[in-house]
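Quick notes on the structure that follows.
What follows draws every value from the coordinates through simple rules; no lab data is involved. Bear in mind the structure is a predicted one, so any value in this text is a computation, not a measurement. Please note: Cβ atoms are built from the backbone with ideal geometry, for glycine as well, and neighbour counts cover all protein chains shown.
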């Protein structure tokens, strides 16, 4: 395959992927492509089929039907060659408690034909001072960064990051976000699964939303928000009733109240000004007015529902 063909060929191509466990269909005829050099997100409720789909792409699980191509390779029949070119950070991972950080890197390095400079990798992930520390003595964030280091050790073309920032504090989470963007800027492809919609919205070039084994939407976060969200929320505090004052305001879809706090849901570029004018002209004093635009989490709830799933 020539360099030009490599650039054109998607990093991941899935056609009609199907996987069932006895009578339970986990993935039902799913098709999508991941472009080279993009951050592609897969999100969905528990049981949506995203983990099974990713495991099939990684070659950890064999599909019942469908065609998969990862970096131009078959993830099952060419698994050894593929694993030299991908990096995988799993949601749940562990190492022997007494294994030191440098020992973990040495062990993993022995599995690959090529590896990056280990010291520089540790420095980038702020682990150089923990090189002699045992796994058991690392904090949660340090363990997570170690697993990222192991996923990047072989200088992969495609990196899988599964629930990258679960359990991390806000500072560590932002640091991980910057790292993901750096990985993409180096020309690598990132396939990210997350339950944090803010994370997907901030990082991903495109997002696939899965539910009940199928993809219900796939596009850039901004396009998804424009298509399925596009709702404003205006909240403010009042001491008196204001429903009648807002009845004639165009664009209001729903109005709710909890205590002295009112939430106006609606659409339209003039909605905020019209709500303020209606309250003022009716002599209704308000305070602490705030506005919120739709985000990816709103889209997620619209498409997958608000019921908690086990």
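The table below lists the values:
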{"quantity": "DSSP beta bridge pairing in the range 59-218, given as percent antiparallel to the nearest 5", "calculated": "40"}
{"quantity": "Helix axis angle, 170-185 relative to the chain longest principal axis, alpha carbon, degrees", "calculated": "60"}
{"quantity": "Three-way shape label, the chain, alpha-carbon gyration tensor, a/c 1.5", "calculated": "prolate"}
{"quantity": "Sequence ranges 260-267, 190-197, 88-95, 286-293, ranked by mean other-Cβ count within 10 angstrom, highest first", "calculated": "190-197, 260-267, 88-95, 286-293"}
{"quantity": "C-alpha center-to-center spacing [the range 38-101, the range 130-147] in angstrom", "calculated": "23"}
{"quantity": "DSSP-defined antiparallel bridges as percent of all bridges, the chain, nearest 5", "calculated": "70"}
{"quantity": "Globularity ratio of the range 231-293, using Cα Rg and 2.2 N^0.38 Å", "calculated": "0.97"}
{"quantity": "Value of relative contact order over the chain, rounded to a whole percent, pairs C-alpha under 8 Å and six or more apart", "calculated": "20"}
{"quantity": "Sequence-separation-based contact order of the range 231-293, relative, with Cα cut under 8 Å and 6+ spacing, percent", "calculated": "51"}
